[in-house]
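What follows is one structure encoded as structure tokens, with my remarks underneath.
The numbers here are math on the coordinates, done by the rules we state, and not lab data. In this text the structure is predicted, and so the values were computed from the model without any measurement. Every residue, glycine among them, receives a Cβ derived from its backbone with ideal geometry; neighbour counts consider all protein chains shown.
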Ligand code: ARG
């Protein structure tokens, strides 16, 4: 039942205001004591030539109570509505029970495709903590859009092309050792790549050699292509290990290389439209009217670059998916790059470019050296995940908790804790990485929410055999119950807000508040205690069941798993 809609209709009936005006005006009062919903009468003052408090008073008198509205009360210029608690509770709990994990879903996105490009690490380079930020946000956004009915495609735009591969191939031919590489692929490739730069300082001719190799690669030469494929394959094995740990999957791994044969067309189109101008030998699109530096399309040696590949990729995505939105979850340092390519696309007259959006995020700060790593200065994500799992295992052991499978639980909690940390604030804020906050089972953390869920599940296990379907809620209307159930009803709005702003933190805050309200509820409303009568117990069990369903659904939208006992 849509209670807001009910009130909107009532107000329309007695005021003959437009539906839209009423719908937009209705708000939730800041304090629950002031009612469940409020209609501010200020906009009516002009039309009715009366002071708002007077209008509120008149409306309150005109409004007949019904089985849903317990009381309509004028307070200042507001008309405050108090809903019938039993009605709200029974209707919400029944609705959640019926929808299960579909709670909060909508058909908003039906027939529309949203592309979420995220993670996009560079092959032969470490998957670092910035890529984890992108992976956490992108994975969550993909799930959020799916919940709203969009057809979602998760894209991994691998960094697998560019002149650096000429350098890597050159380095490999000089110092590479397959056997050593196989043992620790990314780290070894990184080592020879670094060595290339050191050597090139002393022997600048190496740069020419590397350029030659990249040229060969571009021309499809067999040997260099085989090497490149090898680097890409072993890198993907490494990345996929991390994705498996995180439970992340992609629909496409088409990286930059995939677009290497699709750039000539872009260059031709831009040339035809008269958008290319020469600048120091390079071909660029001038963007001075937007006060941003020109976008380089072809370098002076004729080689294409990152931006050209991105433009080709966007065109390909438009043709392949006819997207409604094409979202790039990439760090804020690349803001200018996206501004440039989107502007070029708009100048080319591609109206679908309006659907392209850069979703940026902040930096990850690692205070001090509290991260153990096998790899010297570089922080490998896999090590961070494993460290979190180990630390969680210690905490679980020390807590003396009764988990069924400590390895499974430590993994879900340890990884959940990291994901939560990346999703808890507005994504543009920097993150200070701290084990203590992340793994604080009582603070605002994943373990806190997972614990709330496990707590609820354990209550339900104790109640096995009790049928709480069709419970009677007339005695389960305490303040704590009511606040909790109202929050259950707000889940759909949180999902929409998260998608509107491309900000998973709305879900994060939602589920943290839900867990807090749930804790208050079961601390003040005993369930299995002997002195609780049967009907009240059933009603409370039905609420626990609904809450656990929604905590799980919300955490899953963040990519976080739940555990049955903790
Ligand atoms: N591979 C890049 C990096 O690690 C990110 C790619 C972002 N996506 C894009 N379409 N440009 O910085």
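Does the stretch 473-480 contain at least one residue that is farther than 30 Å from residue 129 by Cβ, part of a helix (DSSP H, G or I) and out of contact with any helix residue (DSSP H, G or I) (no Cβ under 9 Å at 6 or more places or on another chain)?
No, the stretch 473-480 contains no residue that is farther than 30 Å from residue 129 by Cβ, part of a helix (DSSP H, G or I) and out of contact with any helix residue (DSSP H, G or I) (no Cβ under 9 Å at 6 or more places or on another chain).
Restricting attention to the stretch 97-132, which residues are surrounded by fewer than 19 Cβ atoms within 10 Å (Cβ to Cβ) and under 17 Å from the mean Cα position of the chain (by Cα)?
If the condition is that a residue be surrounded by fewer than 19 Cβ atoms within 10 Å (Cβ to Cβ) and under 17 Å from the mean Cα position of the chain (by Cα), then 105, 130 are the ones that fit.
Surrounded by fewer than 16 Cβ atoms within 10 Å (Cβ to Cβ) and either part of a helix (DSSP H, G or I) or away from the ligand (no atom under 16 Å from the Cβ) (or both): which single residue out of 308, 277 fits that description?
Being surrounded by fewer than 16 Cβ atoms within 10 Å (Cβ to Cβ) and either part of a helix (DSSP H, G or I) or away from the ligand (no atom under 16 Å from the Cβ) (or both) holds for just one of 308, 277, which is 277.
Inside the stretch 264-274, can you point out the residues that are surrounded by fewer than 19 Cβ atoms within 10 Å (Cβ to Cβ) and either in contact (Cβ under 8 Å) with a residue 40 or more places away in the chain or part of a strand (DSSP E or B) (or both)?
265, 267, 269, 273
Tell me which residues, restricted to the stretch 341-371, are more than 11 Å from the ligand (Cβ to nearest atom), in a helix (DSSP H, G or I) and in contact (Cβ under 8 Å) with a residue 24 or more places away in the chain.
343, 344, 345, 347, 352, 353, 355 - these are the residues of the stretch 341-371 that are more than 11 Å from the ligand (Cβ to nearest atom), in a helix (DSSP H, G or I) and in contact (Cβ under 8 Å) with a residue 24 or more places away in the chain.
Can you say whether residue 247 is away from the ligand (no atom under 16 Å from the Cβ), farther than 29 Å from residue 121 by Cα and surrounded by fewer than 19 Cβ atoms within 10 Å (Cβ to Cβ), as far as the supplied structure shows? Break it down stepwise before answering.
Working: away from the ligand (no atom under 16 Å from the Cβ): yes; farther than 29 Å from residue 121 by Cα: no; surrounded by fewer than 19 Cβ atoms within 10 Å (Cβ to Cβ): yes.
In short, no.
Of the conditions (1) in contact (Cβ under 8 Å) with a residue 60 or more places away in the chain; (2) touching a strand residue (DSSP E or B) at 6+ places or on another chain (Cβ under 7 Å); (3) within 10 Å of the ligand (Cβ to nearest atom), residue 153 fails just one. Which one is it?
Of the numbered conditions (1) in contact (Cβ under 8 Å) with a residue 60 or more places away in the chain; (2) touching a strand residue (DSSP E or B) at 6+ places or on another chain (Cβ under 7 Å); (3) within 10 Å of the ligand (Cβ to nearest atom), the odd one out for residue 153 is (3).
Identify, by number, the condition in (1) without any contact (Cβ under 8 Å) to a residue 24 or more places away in the chain; (2) surrounded by 22 or more Cβ atoms within 10 Å (Cβ to Cβ) that residue 179 doesn't meet.
Unmet for residue 179, out of (1) without any contact (Cβ under 8 Å) to a residue 24 or more places away in the chain; (2) surrounded by 22 or more Cβ atoms within 10 Å (Cβ to Cβ): (2).
Which residues, taken from the stretch 103-145, are within 15 Å of the ligand (Cβ to nearest atom), assigned to a strand (DSSP E or B) and within 14 Å of residue 359 (Cα to Cα)?
Scanning the stretch 103-145 gives 115, 116, 117.
The rows are residues; the columns are (1) assigned to a loop (DSSP other than H, G, I, E, B); (2) more than 22 Å from residue 551 (Cα to Cα); (3) touching a residue at least 40 places away in the same chain (Cβ under 8 Å).
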site: 47; (1), (2), (3): no, yes, no
site: 54; (1), (2), (3): no, yes, no
site: 60; (1), (2), (3): no, yes, no
site: 79; (1), (2), (3): no, yes, yes
site: 101; (1), (2), (3): no, no, yes
